[in-house]
Each structure stands twice: as structure tokens, then as C-alpha cells.
Amino acid sequence: GAAMTTSGGDADLGPARLELLPSGHCLVTLAGEIDLAVVPDLITEFEYAISHLSPRLVVDVNAVGFIDSSGLGALVRTRRMAQEQGGELALVGATAQMDELLALTKLDELFTLHESVAQAVAAGPHA
């Protein structure tokens, strides 16, 4: 198999990369396939982000190759968790395929969708 190179310890091992932005938002970068296999880890990452970094989540889904209903369910759950902590969840960089999926599941009405991280940060509520 391919050798995994980790630079920053455990933070890079999961399906999500977490980064606290100067604006106080937490940028969560997702990549690859978001399905049942990674969802439990993903929820853990999101819970960590909300409780330790910021409940104002900006989720970059541009590098996501595939997401299924369990992945979408995880995003919905995370959004609820974030809102309970006074935050929000915005999606950034959704591909056409993901846009379509969100529209099909009516989730496009639930999530705030932005073209770029900068846009999401500018639009988001500030503390």
C-alpha cells in the first residue's frame, strides 16, 4: 500500500482536516469518499471541532469524490450540534454532483452553500 506521511500528528489521520481560521471559524476539509466506513470517525472529528475549536464550521467539500446518505446524515447531525452551541455549518465548494444530491434530498434548503471559504467566512455570523 501507499505510505501515509503524517506531519501534524493525529489531526491528519481522519477523513477530515481541521483548521482554526483567524475569523474564529473552524475550517473542516473533507476529502475522498464520505460513506458509512468513515462517518463514525467524521462525527468524532466534528464533535472535537465544535467543542474544542469553534461551533462555527465551514466545511470544504470540494475534494469529496463521493458522499452517501450516511455522510449527508453526519453533516445534518453536525449542523444541529453546531447550532446548539450557537454556531452554524456552511458548505463550501460543493461539486455539481453534490449540489444535485443536496437538491434531491432537500438539504440545499438546510445548508448554507458558498463558493469559497472566504465567502463563507464573510457571510457567517461574527462573535
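Observations on the model:
- Near the amide H of Ile67, within less than 5 Å, lie the amide hydrogens of Ile34, all on another chain or at least 5 residues away, with H placed in the peptide plane.
- Accessible heavy-atom area order of Arg79, Arg17, highest first, probe of 1.4 Å: Arg17, Arg79
- Sum of -39500 (n - 2.57) over DSSP H runs of 4+, divided by residues of the chain (222 nm, nearest 500): -10000 deg cm²/dmol
- Under the simplified labelling scheme, the Gln85-Asn62 pair shows an inter-label distance of 2.5 nm, with each label point 7 Å from Cα along Cα→Cβ.
- Mean separation of Cα contacts under 8 Å, 6 or more apart, over the residue count of the chain: relative contact order %: 22
- Here the chain is assigned +1 on the Cβ of each Lys and Arg and -1 on the Cβ of each Asp and Glu. Its dipole about the Cα centre then comes out at about 280 debye.
- Net length gained if the chain between Ser69 and Glu19 were fully extended (0.36 nm per residue, minus Cα distance): 15.5 nm
The values are calculated or read from the model by the stated rules, or taken from the named source; none is laboratory data. Computed from a predicted model, the values in this text were never measured in an experiment. Glycine gets a Cβ as well: all are built from the backbone with ideal geometry, and neighbour counts include every protein chain shown. These accessible areas exclude ligands, DNA and RNA; they are computed on the full protein's heavy atoms, side chains included. Shrake-Rupley method; radii C 1.70, N 1.55, O 1.52, S 1.80 Å.
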